[in-house]
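The values are calculated or read from the model by the stated rules, or taken from the named source; none is laboratory data. These figures come from a predicted structure and were not determined experimentally. Cβ placement follows ideal geometry from the backbone for every residue including glycine, while neighbour counts extend to all protein chains displayed.
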């Protein structure tokens, strides 16, 4: 692992140069409620805006063209585990919103995209915006504006998620204290720490690694491992202006990595409800996250530099 003296990919210098670089050509093609993002003609990801019971991104491909997230339950890949069918590649949801479970959707809760639009394409960056309603019990519990930005610089692919949750004018909203959430990726099994074919490791900005990362607060978490003969790293960053920064991480050894700023009870053993976040009627809250898809083994010092770049963006 990087802190033990392995030969990591040094990204700090690349990041400084990237700030001046124009990047590659990013384009978006809409078809049937899905938005296909390409980098110089090569597939980057597809935003499934109209998917039920929630939007998601799949596939998600790193700079070498290798998929980094699990295919199940969207598609089949030999040897993959089939647990947790609500883990849909890259998504955003939460397990307790006014008592409704939008994470597993067991009570019929769903996130419906009512409108989507291409904001930007044809240059160094592409962007898609989703206008979502979180619906349960026949009512809109909250509305959401989600902007997804895509870029590629110096061999690194980036996905930025800018998410604003808005309480309806007539009702307060409580984002409940549970570990089941929120900004999440389910990585392919080679990047997991355990299970058949698993060969990955994870580490965070606080120097913790592997099983010790779960439930800890950190600015970023990174999973690395060999996939299809290449070493890949997937890092997820919390934005410093997010509520409760640095967030807790629901980062499991089987390949789930999720930034969760609400789950204080589960993560720290404090009283239930400590992590609740209440929005008054009409109030809004904003969260921003960044995913970096990296070829090679990402060095923690370089990831710290990338986190600093996220602050200035």
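Here is how the numbers come out for the structure above:
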{"quantity": "Matching entry among 91, 103, 158 (being part of a strand (DSSP E or B) and more than 18 Å from residue 33 (Cβ to Cβ))", "calculated": "158"}
{"quantity": "Residue in the range 163-183 that is surrounded by the fewest Cβ atoms within 10 Å (Cβ to Cβ), counting only those that are within 14 Å of residue 144 (Cα to Cα) and more than 17 Å from the chain's Cα centre (by Cα)", "calculated": "169"}
{"quantity": "Search result, residues across the range 285-313 that are part of a strand (DSSP E or B) and either loosely packed, with under 15 Cβ neighbours inside 10 Å or without any contact (Cβ under 8 Å) to a residue 60 or more places away in the chain (or both)", "calculated": "286"}
{"quantity": "Search result, residues across the range 236-272 that are within 25 Å of residue 143 (Cβ to Cβ) and in contact with a helix residue (DSSP H, G or I) (Cβ under 7 Å, 6 or more places away or on another chain)", "calculated": "239"}
{"quantity": "Matching residues, the range 218-236, being without any contact (Cβ under 8 Å) to a residue 40 or more places away in the chain, more than 16 Å from the chain's Cα centre (by Cα) and buried (at least 18 other Cβ atoms within 10 Å of the Cβ)", "calculated": "225"}
{"quantity": "Residue among 251, 212, 271 that alone is within 28 Å of residue 44 (Cα to Cα), at pLDDT 95 or above and outside any strand (DSSP E or B)", "calculated": "251"}
{"quantity": "Number of the condition not met by residue 194 [criteria: (1) under 17 Å from residue 285 (Cβ atoms); (2) part of a loop (DSSP other than H, G, I, E, B)]", "calculated": "(1)"}
{"quantity": "One residue from 186, 209 being in contact (Cβ under 8 Å) with a residue 60 or more places away in the chain, within 26 Å of residue 79 (Cα to Cα), surrounded by fewer than 24 Cβ atoms within 10 Å (Cβ to Cβ) and touching a strand residue (DSSP E or B) at 6+ places or on another chain (Cβ under 6 Å)", "calculated": "209"}
{"quantity": "Tabulated pairs, the range 77-100, first at positive phi and surrounded by 20 or more Cβ atoms within 10 Å (Cβ to Cβ), second at pLDDT below 95 and part of a loop (DSSP other than H, G, I, E, B), C-beta under 7 angstrom, 6+ apart or interchain", "calculated": "none"}
{"quantity": "Every pair of residues 6+ apart whose Cβ atoms lie under 7 Å, when the first sits in the range 149-167 and is at positive phi while the second is outside any strand (DSSP E or B)", "calculated": "154/14; 154/17; 154/18; 154/21; 155/63"}
{"quantity": "Output for the range 274-296, where each listed residue is in contact with a helix residue (DSSP H, G or I) (Cβ under 8 Å, 6 or more places away or on another chain) and closer than 20 Å to residue 96 by Cβ", "calculated": "274, 275"}
{"quantity": "Failed item, numbered, when residue 275 is tested on (1) buried (at least 23 other Cβ atoms within 10 Å of the Cβ); (2) more than 26 Å from residue 200 (Cα to Cα); (3) within 16 Å of the chain's Cα centre (by Cα)", "calculated": "(3)"}
